[in-house]
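The values are calculated or read from the model by the stated rules, or taken from the named source; none is laboratory data. In this text the structure is predicted, and so the values were computed from the model without any measurement. Ideal geometry is used to build each Cβ from the backbone, glycine not excepted, and the neighbour counts take in all protein chains shown.
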Amino acid sequence: MPLLTNQFASTMISGGTYDDELGIMTLTFTSGNTYTYHDVPQTVWDRLVAAPSAGREWHNSIKDQYF
């Protein structure tokens, strides 16, 4: 499967990519900082993309769980 990408309508996260083969998610924040998270299941990416608030979903489900 190709690299998944998304632009977020968020005041916190501007965009991101997800490599389903490697489980690597990269998020770019509106501050300009980019962070890469390893061993992320695709369900986590799917929830982030579908969330009404990407920033809240990141804070609750990703921030302290994936490095």
#### Entry: Residues of the range 8-26 satisfying the condition of being assigned to a strand (DSSP E or B) and touching a helix residue (DSSP H, G or I) at 6+ places or on another chain (Cβ under 7 Å)
Ile13, Tyr18, Met25
### Message
Being surrounded by 13 or more Cβ atoms within 10 Å (Cβ to Cβ) and within 10 Å of the chain's Cα centre (by Cα) is the filter here; which residues of the range 46-60 pass it?
### Response
Arg47, Leu48, Val49, Ala54, Gly55, Glu57, Trp58
### Message
If a residue must be in a helix (DSSP H, G or I), within 19 Å of Asp20 (Cβ to Cβ) and not aliphatic (A, V, I, L, M), how many such residues does the range 43-67 contain?
### Response
7
#### Entry: Leu22 at pLDDT 95 or above and surrounded by 14 or more Cβ atoms within 10 Å (Cβ to Cβ)
no
### Query
Picking from Thr34, Thr43, Thr5, Thr28, which residue would you name as being surrounded by 16 or more Cβ atoms within 10 Å (Cβ to Cβ) and free of Cβ contacts under 8 Å to residues at least 24 places away in the same chain?
Thr28
### Task
Have a look at Tyr37, Tyr66 and point out the one that is under 11 Å from the mean Cα position of the chain (by Cα) and modelled with pLDDT of 95 or more.
Tyr37
